[in-house]
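Report on the following structure.
The values are calculated or read from the model by the stated rules, or taken from the named source; none is laboratory data. Model, not experiment: these values are computed from the prediction. Glycine also receives a Cβ, built like all others from the backbone with ideal geometry; neighbour counts cover every protein chain displayed. We work out accessible area using only protein heavy atoms, side chains counted, and drop any ligands, DNA or RNA first. Shrake-Rupley method; radii C 1.70, N 1.55, O 1.52, S 1.80 Å.
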There are 2 protein chains.
Amino acid sequence: MAAWGDRLAGVRGVLLDISGVLYDSGEGGGVPIAGSVEAVARLKRSRLKVRFCTNESQKSRGELVALLRRLGFDISQEEVTAPAPATCQVLKERGLRPHLLVHDGVRSEFGQIDQSNPNCVVLADAGESFSYQNMNKAFQTLMELENPVLISLGKGRYYKETSGLMLDVGAYMKALEYACGIEAEVVGKPSPEFFKSALQAMGVEAHQAIMIGDDIVGDVGGAQRCGMRALQVRTGKF
Amino acid sequence: MAAWGDRLAGVRGVLLDISGVLYDSGEGGGVPIAGSVEAVARLKRSRLKVRFCTNESQKSRGELVALLRRLGFDISQEEVTAPAPATCQVLKERGLRPHLLVHDGVRSEFGQIDQSNPNCVVLADAGESFSYQNMNKAFQTLMELENPVLISLGKGRYYKETSGLMLDVGAYMKALEYACGIEAEVVGKPSPEFFKSALQAMGVEAHQAIMIGDDIVGDVGGAQRCGMRALQVRTGKF
């Protein structure tokens, strides 16, 4: 194994996953992971550029940042790449009007999007809103479309809350893919477009960046396929 | 296309799917499909052996037969091959103690099965019971097992109720398969063992039997792979 100095040679920017790296979500908002508040503070004092790259889709960026600030993190909305705003851009570009199957906490991100007469379904980590009725409504909406478009905010299998492992949006994406005989478009990690937009916002090239996350597929595999370095932490769902 | 006489030459037994062939389920139990009550009566007056082969997993066989009799069908419990009783046999043979994610209507079929300290998950068409909480409990149960076993009663994508198309158990099976990184065992159509048990109960060989159903994969494909003939009706989800 190469020494740390070698492995980090030429790194100018650090992309940090949030859930499982900075904190574990759960009752009362969640708890910071030991050492992470200080680690973010040290990164920010260093010469490195820092950006937060999350698949969090239960909360708006505003809510997420407010929560992290309460937990002690030095973070602002402008430093966060998240799938809901990225999805809104895709919807606008392609004239898509979504039926939303999302958590109430993230609904405000879609406030400026026309949702009348839907021509696609947008799926996020809806948590308790993944009821049979809501899933069936999304299914029926897709089956009524001539060209069904399903956009999924990430495709994670599960994540860790303080109370235990929790099913993530990817499981429900697979359910709708199978029922409708279609393939979803993923906005979020490990989509290359998503990583590229984070790199662009940071102003560094892929080979100058390292992604730090707890998901071997979404974080590590996705970043490496984009030409970035990656590092898996042993916290979160590891 | 061969004449009907040729296509049915040598047929001694008829397997009939129930949902989408005999009736469409829905409000108040459902409605018979036009002509089906009389067709069953005529088959039973013929020289052919008749058996009902269903993936219905929301109701016990007793409830299903009672409903069909109310709708006018000549049918008895002993004539029905259904996945819940077949699953109970598998559980007993392999010493499996299930965590059940099933509809309350079918729970009584598992009354004789030890459900303490589960070492597998049994999934059926749970309808409204496919809540996030129940799915997450099934997921967590599987993740805690060293050798996770997931048994799914059928793997249908959807079925038709009088009110429209409804997500079937297969979608939720795919969700758990993806989240846990495992493959489910299917009890029910199109599993060859399931068709064989129906043929055995009827006392006819595969090449002497024809399956009549509305599902191109579960009914037609499954039966043909067992060496049976098959016929897809244009009712139900067709």
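Between the stretch B:147-162 and the stretch A:1-58, the C-alpha centres lie 40 angstrom from each other.
Expressed as a whole percent, the accessible area of the protein assembly as shown that falls on carbon and sulfur atoms is 47 (1.4 Å probe). Using the Cβ-Cβ distance between B:MET143 and B:ARG107 with R0 set to 25 Å, the FRET efficiency from 1/(1 + (r/R0)^6) comes to roughly 0.60. Between B:ARG70 and A:ALA9, the modelled label-to-label distance comes to 7.8 nm, taking each label 7 Å out from Cα in the direction of the beta carbon.
Semi-axis lengths, largest first, of the ellipsoid equivalent to the protein assembly as shown are 50, 23, 19 Å, with √(5λ) applied to each eigenvalue of the Cα gyration tensor.
Expressed per residue, the C-alpha convex hull volume of the stretch A:9-86 stands at 96 Å³.
Of the residues A:SER76, B:SER191, ranked by 1.4 Å probe accessible area with the largest first, the sequence reads A:SER76, B:SER191. Per residue, the accessible area of the protein assembly as shown comes to 44 Å², computed with a 1.4 Å probe over protein heavy atoms only. Between A:ILE182, A:ILE18, A:ILE151, the residue with the greatest mean-square fluctuation in the GNM of chain A (Cα pairs under 10 Å linked by springs) is A:ILE182. Mind listing, in residue-number order, the residues in the stretch B:121-170 that have at least 30 Å² less accessible area with every protein chain present than in their own chain alone (1.4 Å probe)? So the qualifying set is B:GLU128, B:TYR132, B:ASN136, B:PHE139, B:GLN140, B:MET143, B:ARG157, B:TYR158, B:LEU165, B:MET166, B:LEU167. Counted over the stretch B:86-187 with a bin width of 5 Å, the fraction of Cα pairs per bin, in whole percents, is 2, 13, 26, 26, 20, 9, 3, 1, 0.
Measuring with a 1.4 angstrom probe and ignoring ligands and nucleic acids, A:HIS103 comes out at about 60 Å² accessible.
Can you work out the FRET efficiency for the pair B:GLU27 and B:LYS196, with r the C-beta to C-beta distance and R0 = 41 Å, to the nearest 0.05? Don't jump to the answer; show the numbers that get you there.
Working: r = 36 Å, r/R0 = 0.87.
Computed FRET efficiency for B:GLU27 and B:LYS196 comes out at 0.70.
Using the alpha-carbon centroid of each, what span in Å lies between the stretch B:183-205 and the stretch A:192-232? Cα centres, the stretch B:183-205 to the stretch A:192-232: 48 Å. With N counted as the residues of the stretch B:1-137, its alpha-carbon radius of gyration over 2.2 N^0.38 Å works out to 1.25. Between copies, A:ALA66 shows label-point distances of 5.2 nm, shortest first, with the point placed 7 angstrom from Cα along Cα to C-beta.
Comparing B:GLY221, B:GLY26, B:GLY62 in a Gaussian network model of chain B where C-alpha atoms under 10 Å apart are linked, the largest mean-square fluctuation is found at B:GLY26.
Largest GNM mean-square fluctuation among B:ALA39, B:ALA66, B:ALA209, using chain B with Cα springs under 10 Å: B:ALA39. A helix-only calculation puts the protein assembly as shown at -9000 deg cm²/dmol for mean residue ellipticity at 222 nm, using -39500 (n - 2.57) for each DSSP H run of at least four residues, averaged over all residues. Every Cα-Cα pair of the stretch B:129-201 was included, and the share exceeding 17 Å stands at 52 percent. Distances from B:GLY28 to itself in the other copies, using label points 7 Å out along the Cα-Cβ axis, amount to 5.4 nm in increasing order.
Counting heavy atoms of the protein chains alone, B:LYS196 has an accessible area of about 120 Å² for a 1.4 Å probe. Sorted shortest first, the separations between the A:GLU144 label point and its copies elsewhere in the assembly read 4.1 nm; each point sits 7 Å from Cα along the Cα-to-Cβ line. Applying a threshold of 30 Å to the alpha-carbon distances of A:LYS237/B:LYS59; A:LYS44/A:LYS174; A:LYS137/A:LYS160; B:LYS49/B:LYS160 flags A:LYS237/B:LYS59; A:LYS44/A:LYS174 as lying beyond it. Pair-distance distribution P(r) for chain B, from all Cα-Cα distances in 10 Å bins starting at 0: 7, 33, 36, 19, 5, 1 percent.
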